[in-house]
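**Q** Here you go, one structure.
What follows draws every value from the coordinates through simple rules; no lab data is involved. Being a predicted model, the structure only gives us computed values, none of them experimental. All Cβ positions, glycine included, derive from the backbone under ideal geometry; neighbour counts span all protein chains shown.
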Amino acid sequence: MGRGKCEVQLHEKAKELRKTETKAERLLWEELKNRKCGGLKFRRQHPLLKFVVDFYCHEKRLVVEVDGSVHDDSNVKERDENRTYEIEQAGLTVIRFRMTRYFRI
């Protein structure tokens, strides 16, 4: 049985996001890829539930998000909170990094 329309769209969105990653995402990916971080496998711009998360480690059920200044907007903050809640309800842990705080870019 094939993928549903929404699933295909989510995978296409993830593919596009991989092509347009931010500098902070690129820097973090250099540290996470190829099991460089504690031997754990991370995926970038990974479709998860109805979202595309920045980074995901299945072994630890861990989502890592890198937030830029757009996340300061109250509407975006609310969306992020709802998204985090849904992901955590699925038994995953979400951690967020502020791009400007942790990355010198």
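**Q** I'd like the full set of residues that are in contact with a helix residue (DSSP H, G or I) (Cβ under 8 Å, 6 or more places away or on another chain) and of a type in the set (Asp, Glu), limited to segment 30-62.
**A** Asp54
**Q** Could you check how many residues of segment 62-80 are within 14 Å of the chain's Cα centre (by Cα) and farther than 24 Å from Gly4 by Cβ?
**A** 8
**Q** Moving on. For segment 24-41, give me each residue that is surrounded by 12 or more Cβ atoms within 10 Å (Cβ to Cβ) and in a helix (DSSP H, G or I).
**A** Ala24, Glu25, Arg26, Leu27, Leu28, Trp29, Leu32, Lys33
**Q** Can you tell me which condition Glu59 does not meet? The list is (1) more than 16 Å from Thr93 (Cα to Cα); (2) surrounded by fewer than 19 Cβ atoms within 10 Å (Cβ to Cβ), and all the others hold.
**A** (1)
**Q** Taking only segment 45-70 into account, find how many residues are part of a loop (DSSP other than H, G, I, E, B) and in contact (Cβ under 8 Å) with a residue 40 or more places away in the chain.
**A** Here the count works out to 3.
**Q** Has segment 5-19 got at least one residue that is more than 22 Å from Ile95 (Cα to Cα), surrounded by fewer than 13 Cβ atoms within 10 Å (Cβ to Cβ) and polar (S, T, N, Q)?
**A** Yes, that holds for at least one residue.
**Q** If you go through segment 71-86 one residue at a time, do you hit one that is assigned to a strand (DSSP E or B), surrounded by 16 or more Cβ atoms within 10 Å (Cβ to Cβ) and charged (D, E, K, R)?
**A** no
**Q** Which residues, taken from segment 66-98, are under 20 Å from Leu32 (Cβ atoms) and touching a His at 6+ places or on another chain (Cβ under 9 Å)?
**A** Within segment 66-98, Arg96, Arg98 meet the criteria.
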